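Below is one structure, written out as structure tokens, with a few remarks after it.
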Amino acid sequence: MFKLSKNWKNIFGGFVVLTLVSGVFVLFGTLYILYSYGRDLPDYKQLANYEPPVVSRVYAGDGSLIKEYAREKRLFVPIFAIPPKVIQAFISAEDQNFYTHIGIDFKGLLRAVLVNIKNVITGRRLVGASTITQQVAKNFLLSSEVAFERKIKEAILSYRIEQTFNKNQILELYLNEIYLGQNSYGVAAAALNYFGKSLDDLELEEIAYLAAVPKGPNNYHPKRRYNAAVGRRNWVLGRMEIEGYITEGERDLAAINKLVTVNTGKARVFQANYFAEDVRRELKKTYGDTELYEGGLAVRTSLSPRLQSIAENELKNGLIVYDRRHGWRGPLKNIDLFAVPYTSWKKDFLKINIPLGINNWRHAVVLEVREDVAVIATKKALISSDTFEGLPFETISLKDVSWARKWLFGERRGPAVRSMAEVLTQGDVIAVERINDKKKNIEKSYGLRQIPKVNGSLVALDPHTGRVLAMVGGFDFRRSEYNRATQAKRQPGSAFKPFVYSVALDNGFTPSSLVLDAPFVIDQGFGNGKWKPRNSNSKFYGPSTLRLGIEKSRNLMTVRLAQNLKMEKVVEVAERFNITKGMPSLLSMSLGAGETTLMDLTAAYGMIVNGGKKIDPTLIDRIQDRNGKTIFKNDGRVCKTCNSESWGYQSEPEPELLDVRENVLDPVTAYQLVSMMEGVVQRGTGIRINALRRPLAGKTGTTDESFDTWFVGFSPDLVVGIFVGFDAPSSLGRGEEGSSVAVPIFRDFMANALRDDSPTPFRIPEGVRLVRVDPVTGLLATAGAKNTILEAFRQGSFPNENQQVLDGINSLVQKKSKVQTGTGGIY
């Protein structure tokens with residue numbers, strides 16, 4: 001008995017010693033592991049200064065979103081601004097013991113081990129046990145590799161993070177960093193991308209879906225894996241009920257709702273691609289790529305969505321109308337319908353993705369051509385049918401292709417269309433548009449459409465500030481990102497003439513001063529021949545007033561005027577108005593041979609209508625950083641008396657801001673030009689605009705052989721520029737001018753833009769004297785005379801019968817045709 005007791009004591013003693021030794025080894029092993037893996041870990045304290053890459057957003061003037069720029073689409077939201085239900089949903093789905101564990105959930109870990117043993121036996125997917133804190137450690141400080149070593153580092157970092165940061169800080173890091181699919185980083189970006197809503201506007205079932213996504217965004221895609229997505233969402237709702245965050249009734253009500261998402265938020269973005277791209281270039285130039293794509297800038301622009309929509313529509317319509325005048329250039333491509341089976345050519349056709357530029361235009365293929373009708377099928381029809389025999393056919397009538405006379409070189413057209421075969425061939429891939437019968441309010445058939453080869457641009461800006469309200473740089477951004485409003489330098493032609501006339505008005509001329517409209521020849525020097533400018537119609541009209549020279553766009557008068565004034569003054573005014581730099585002092589420059597952009601020329605016209613104040617065209621009003629601090633403000637005026645809190649809006653007048661704009665033109669001269677260009681609309685080359693019956697003014701421009709056509713015009717508070725031409729300069733065709741191409745676009749734009757505005761007369765500055773005169777002679781109107789106009793004269797000047805006519809190089813011609821030689825000029 002004694003021996004047995006002794007043996008038991010020895011065994012027990014050995015067990016104790018072994019346990020102590022093992023404990024020491026485990027302790028030292030644990031300490032070694034903690035030391036070994038913990039010494040080279042990233043500095044977790046950097047999380048205190050967490051500034052994640054955040055999306056920069058560009059807004060229109062009314063707050064509409066235009067564009068987002070980001071490498072990772074994330075919107076940072078502080079924890080206090082995240083709705084409690086969102087937090088509760090993620091805790092229920094990802095880490096039920098978040099508020100009680102120390103970074104590692106030992107109970108959850110044990111539960112996961114037991115579940116995984118069962119899953120291995122049954123062949124099911126293994127489950128994880130990472131806490132939210134561990135996910136923060138992995139996402140911010142470690143790689144995503146699946147390795148035992150990483151899990152140890154993750155656990156060490158999680159414990160350290162929990163000792164340094166409170167639970168709300170950890171949640172803030174997690175909810176703003178987590179990837180939730182569809183290029184969404186963080187819950188705020190996901191709410192917008194999936195549902196088009198802010199976090200505050202989410203329904204319970206939408207919140208539950210977002211909390212369901214982290215386990216596998218692709219596995220729970222709301223459309224491709226709809227059933228799995230709904231199942232996982234409902235599981236989250238069940239977890240929220242178990243945790244006590246929602247009631248059983250709330251769970252059941254949310255679970256029966258369908259999962260409805262938007263198409264990646266497209267519906268909430270206003271499209272203004274040319275404008276947005278110019279804003280992007282400006283931001284990149286000023287702040288660099290990192291700040292643009294990661295800095296979370298909030299950029300408020302000057303864009304007016306209403307005017308931008310009108311600009312897009314009217315420019316496209318104008319280009320299409322011009323293009324149809326010059327005939328049919330042929331189909332987009334042709335498919336041989338009989339060389340391969342139906343399923344093969346159908347597949348090839350459905351792959352065609354040529355941008356058409358108009359939302360309601362469609363691709364179609366011609367199946368059969370008859371005498372007076374073409375049978376076609378659209379992509380929608382082909383998708384709906386697996387056999388050729390089952391195709392739902394559509395038609396194009398001969399009447400609807402009557403415009404499609406064959407295009408000929410030089411923008412000419414062939415003979416009238418007499419049969420459908422002259423236009424279309426079987427297998428042609430074309431653009432079509434559904435035609436509506438407005439009388440019966442039904443869709444009847446399709447019309448043939450053509451993407452214009454010609455292109456153009458439109459700019460609308462505030463003449464008082466230079467804020468660009470609308471800008472379209474071409475027919476379709478998807479076809480060409482080249483911005484013809486800001487990047488294309490083209491000759492303005494006669495649209496430059498008002499600036500030549502401004503020099504004359506500043507140097508003693510009046511709108512009634514007479515200049516000879518007659519042949520002009522100048523020797524250009526040895527070997528260069530003689531320069532013989534002419535009017536657009538090759539006619540001569542004798543002595544004519546400056547007003548008529550502008551209204552009828554007389555080239556010969558402008559050249560004589562520029563020669564008399566000296567081209568150095570014209571060059572100076574071109575630079576003063578920022579139209580062009582380094583323009584040579586050649587007489588041809590007075591007719592707009594120098595190059596400029598539509599944006600610069602439109603801004604220059606703005607300086608005329610605003611009374612001669614300098615403006616610079618701007619796209620951006622204000623920029624704020626990710627914290628809401630204003631880092632740029634376009635309006636640099638200071639208002640020392642502006643105090644919204646103390647200002648009595650009923651008893652006190654509005655504070656006045658000092659006008660700090662530089663004077664670039666005498667106000668009287670500016671108004672005289674406005675008045676003369678108003679005559680362009682009322683009686684001159686812009687007379688088509690006069691149908692609007694409101695105060696409008698402007699000037700046409702056409703270059704040699706009609707390569708470039710322009711119209712720049714304005715109301716008292718809106719200036720608009722139009723340019724139309726081929727990207728590879730060539731003639732727009734015989735008879736095409738600014739008056740036929742650009743003017744209709746301006747007219748239609750203004751008709752819609754000013755539809756709800758009362759007509760406002762042009763503002764007349766001090767120092768202007770309005771005198772009634774004969775519009776042909778420029779002389780004072782006699783009593784009872786008809787067809788007179790009010791002419792704007794500078795105080796102290798008025799027309800008289802003895803005024804002389806500016807002629808040629810070295811002479812003046814008296815009104816009675818008695819020649820008087822001299823040095824030139826008006827005396």
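The values are calculated or read from the model by the stated rules, or taken from the named source; none is laboratory data. Computed from a predicted structure; not experimentally measured. Cβ atoms come from the backbone with ideal geometry, glycine included; neighbour counts cover every protein chain shown. Note: accessible area is taken over every heavy atom of the protein model, side chains too, but ligands, DNA and RNA are not part of it. Shrake-Rupley method; radii C 1.70, N 1.55, O 1.52, S 1.80 Å.
Distant-in-sequence amide contacts of Val719, defined by a placed amide H-H separation under 5 Å and a gap of 5 or more residues or a different chain, comprise Leu461. Computed with a 1.4 Å probe on the full set of protein chains, the accessible area for Tyr342 sits at about 30 Å². A probe of 1.4 angstrom, applied to the heavy atoms of all protein chains, finds Ile687 with accessible area near 90 square angstrom. Heavy-atom accessible surface of Lys629, to the nearest 10 Å², is about 130 Å², with a 1.4 Å probe and all protein chains retained. With a cut-off of 12 Å on the backbone N, the residues of region 403-438 near the modelled label site 7 Å out from Phe338 along Cα-Cβ are 426-427. Remark: region 774-785, residue by residue, has Karplus-estimated 3J(HN,Hα) of 7, x, 8, 8, x, 7, 4, 6, 7, 4, x, 5 Hz, where x stands for each Gly or Pro and the curve is 6.51 cos²θ - 1.76 cosθ + 1.60 at θ = phi - 60°. From the Cα gyration tensor of region 149-280, with a ≥ b ≥ c the square roots of its eigenvalues, which class applies: rounded if a/c is under 1.5, or else prolate if a/b is larger than b/c, or else oblate? It is oblate, given that a/c is not under 1.5 and a/b is not larger than b/c. The GluC sites (Glu not before Pro) of region 337-416 meeting both criteria, a DSSP state outside H, G, I, E and B (loop) and at most 12 other C-beta atoms within 10 angstrom of the site's C-beta, are Glu371, Glu389. The label point for Glu652 and the one for Ile522, both projected 7 Å from the Cα toward the Cβ, are 5.9 nm apart. Residue ranges 636-642, 344-350, 797-803 sort as 344-350, 797-803, 636-642 when ordered by packing (mean number of other C-beta atoms within 10 Å per residue, highest first). Would you work out what percent of the accessible area of region 479-636, with all protein chains in place, is carbon or sulfur (probe 1.4 Å)? Carbon-and-sulfur percentage of accessible area, whole number: 47. Solvent-accessible surface of region 455-597, taken per residue with a 1.4 Å probe and all protein chains present: 36 Å².
Each of the peptides 304-311, 381-388 was scored by the mean count of other Cβ atoms within 10 Å over its residues; in descending order, highest first, they stand as 304-311, 381-388.
Note on Arg576 and Thr630: the extension gain reaches 16.3 nm, defined as 0.36 nm multiplied by sequence separation minus the Cα-Cα distance. Ligands, DNA and RNA left out, the 1.4 Å accessible surface of region 743-811 is 48% carbon and sulfur atoms. About its Cα centre, the dipole of region 369-491 is roughly 580 debye, where the only charges are +1 on Lys and Arg Cβ and -1 on Asp and Glu Cβ. The magnitude of the dipole of region 449-556, with charges of +1 and -1 set on the Cβ of Lys/Arg and Asp/Glu and taken from the Cα centre, is near 500 debye. Each of Ile396, Ala431, Gln450 was placed along the dipole of region 366-522 (beta-carbon charges, centred on the mean Cα), and the one lying farthest toward the positive end is Gln450. Taking a ≥ b ≥ c as the square roots of the Cα gyration tensor eigenvalues, region 155-231 comes out prolate, since a/c reaches at least 1.5 and a/b is larger than b/c. Rolling a 1.4 Å probe over the heavy atoms of the protein chains gives region 259-331 an accessible area of 43 Å² per residue. Surface analysis of region 367-407 yields an accessible area of 57 Å² per residue, using protein heavy atoms and a 1.4 Å probe.
Computed about the Cα centre, the dipole magnitude for region 243-327 is approximately 580 debye when only Lys and Arg (+1) and Asp and Glu (-1) carry charge, each at its Cβ. Tell me whether region 367-498 comes out rounded, prolate or oblate; compute the Cα gyration tensor, take square roots of the eigenvalues as a ≥ b ≥ c, and use a/c under 1.5 as the rounded threshold. Judged from the Cα gyration tensor, region 367-498 comes out prolate (a/c at least 1.5, a/b above b/c).
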